[in-house]
Structure formats: C-alpha cells, structure tokens
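To start, the structure under review is shown below, and the notes come after it.
Taken together, the values in this text are just the output of simple stated rules run on the coordinates, not laboratory data. Everything numeric here is computed off the predicted structure, so don't read it as measured data. As a convention, Cβ positions derive from the backbone with ideal geometry for all residues, glycine included, and neighbour counts pool all protein chains shown.
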Amino acid sequence: MSVFALPGSIVDADFPVLAIFNSIFKDRDPSLGHLGVVYNIPDSEGMSFLHLEGPKSLSQRPPKYYWGWAAPKLNATTSRLLAERIHNIGNEQLRQRVHFRFGAKHGGVFLGFDVTSFTPNLPPGCLGLSCVTYVLNLFSHHGISLIDLSDWPGHRTEDDRWFAGACEMVERFAPENLDAFKAEWPTSWIRPTEVIGAVLTQTHPVGHRQVQAKDREVLDLWRSFLSSEQGLKLYWTVDSEGDAKAQGISHSYAIKKSRSDPAKWDMLVSGKSKVTKRGLSLDSAKSECDQIERLEIEAQ
C-alpha cells in the first residue's frame with residue numbers, strides 16, 4: 001500500500017530508492033503545485049532530485065518549499081536501475097535546454113530520450129514539456145506508463161489559475177516563447193496531485209476516473225498539513241556545511257554559522273523586507289524566521 005508522505009514524516013535513512021515528489025508554491029494552494037523525481041543512489045549524499053522548474057530550467061536542487069512524495073510500485077532492481085538512469089539523464093540535460101510547454105496530450109508514450117545525447121525526442125506538434133509531462137516521460141521511456149489519457153478531461157476552467165501563473169513565469173524567464181505557450185491554451189492538463197493519485201492506486205497506467213478519489217485525498221492531506229502548527233513553520237534544507245535555507249511566501253531565509261563564534265548563528269532574511277541578526281542560537285534563529293513567515297501568512 002503506497003502512501004503520500006508529508007514533510008517531516010520520514011527520515012533520509014527510510015527513504016525509498018525512487019519516488020515522485022509534489023511540492024507546493026509560495027501561495028500555499030496545493031492544487032497549484034509542482035512535480036519532480038526524488039531518488040537515492042549509491043555513493044550519493046542523501047536524496048537527489050530532478051525536476052523541470054520552469055522555462056529552460058531543469059534542476060537538481062531540492063524543491064524550494066514544502067514537498068511530499070509517493071513511491072511507484074516497482075521491484076527493488078527496477079527502482080535502482082531507473083534511479084541511476086534518471087540521475088544520468090539529469091546530469092546530461094542540465095547542459096541543454098528543455099523547453100517548457102503545457103498540454104497533457106504529450107504526457108503519454110509519445111516521447112523518449114535519445115540514448116546518446118539524452119535530449120528529448122519531441123513528436124510533431126510538441127514544442128516542449130511541463131514539470132508533469134517531464135516526469136511522466138522519464139517513466140514512460142523506460143516502459144512504465146503511469147497515466148492513461150483515454151478518459152482524461154479536456155480543458156477545466158479551474159486550471160486557468162495555474163496557466164496564468166505559468167504565463168507569468170514564461171514571460172519572466174523566456175519571453176520569446178510566450179506567444180507559442182499561450183497558443184496551446186485552452187487544453188487538457190494533468191495536475192501534479194493527479195500524478196501522485198495515480199501512483200497511490202498502485203496499478204499503472206490509470207485513467208482519470210480512478211485517479212479522482214486519490215487526488216482528493218492528496219489535496220485534503222496538504223490542506224490539513226498547512227493548517228497545522230507544523231505547516232505554519234518553514235521547511236529547511238541543510239547543506240554539507242550545516243547552513244540552512246528556507247523559502248517562504250515573500251521572503252528567502254538563511255541561517256549560517258557565525259564567523260566570529262562557531263557556536264552561534266547568523267540569520268539573514270531577504271524579500272519584502274530585509275532582516276539580519278547575528279550571534280543567535282540555532283533554535284532562536286529558526287523561531288524568529290518562523291515568526292516572520294507566520295505574520296506574512298496571516299497578512300494574506
């Protein structure tokens with residue numbers, strides 16, 4: 001039985017070899033989220049990531065905000081080999097452009113990755129991928145089809161908010177592609193939480209009718225988490241030096257070891273306002289950052 005693991009519910013040592021992550025954006029609406037792959041491979045330090053963050057922006061960085069994961073039902077050997085293959089694909093594609101597009105019609109078995117160059121093989125009429133279709137095609141290229149599009153709905157008006165936000169991102173980072181991106185709309189779309197719902201069914205590929213109940217479960221879990229005390233706190237990622245970073249709704253947070261006193265920490269906040277405090281304990285620095293973020297959430 002697969003589960004959707006929310007932030008803080010598992011430690012690195014218990015993490016599966018391969019999973020799909022769903023993260024939420026700064027506005028904290030889980031229906032407007034993001035999708036990527038997270039995995040463990042031998043000789044790596046902790047979890048590794050691969051996801052299409054936006055226009056021309058394939059990333060191996062951790063998600064910027066809260067994220068949860070679900071593991072597809074694969075045997076141990078397949079999971080390990082696929083994780084290693086995805087790791088190699090990511091290393092190669094980071095040097096190349098992966099254009100950002102929207103439509104769900106390219107989320108099936110139509111795409112692959114060239115075995116020599118690792119670049120996407122795009123069929124006629126497909127100009128690029130979204131965070132969702134990128135993940136789906138990482139799996140489908142290796143014979144694992146997660147989604148059955150035969151009963152997938154066409155344009156849903158509630159997806160217009162996601163598309164509006166995506167247009168802002170394309171306009172900011174790849175304005176030369178904006179007209180082509182807008183021309184794809186309205187179209188069918190696979191939501192990130194629907195992919196998680198497909199994984200949770202544990203039978204692949206899965207159609208929209210079967211996905212709906214699991215999709216609602218994932219959204220309910222996110223909303224319950226975000227309304228909890230834990231959900232009001234920042235989600236911190238820690239690098240090899242012990243410094244911590246977190247991304248809030250309107251601020252970026254960093255806690256670094258003090259240069260003058262290795263037992264103390266410096267807190268740096270940037271965004272709508274800037275805050276710098278030095279010589280704090282680690283718990284005090286995190287608490288002060290959490291308070292700034294809480295006030296920002298309550299102000300919305």
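Quick notes
- The magnitude of the dipole of the stretch 167-300, with charges of +1 and -1 set on the Cβ of Lys/Arg and Asp/Glu and taken from the Cα centre, is near 300 debye.
- Total formal charge among the other residues, if their Cβ is under 14 angstrom from that of Lys264, Lys/Arg +1 and Asp/Glu -1: +1
- Counted charge near Ile144, where neighbours are those whose Cβ lies closer than 12 Å (Asp, Glu -1; Lys, Arg +1): +2
- Flagged links, alpha-carbon separation over 29 Å, of Lys233/Lys256; Lys233/Lys264; Lys73/Lys245; Lys64/Lys257; Lys233/Lys257: Lys73/Lys245
- Note on Glu84 and Glu176: their simple-model spin labels are 3.8 nm apart, each label 7 Å out from Cα toward Cβ.
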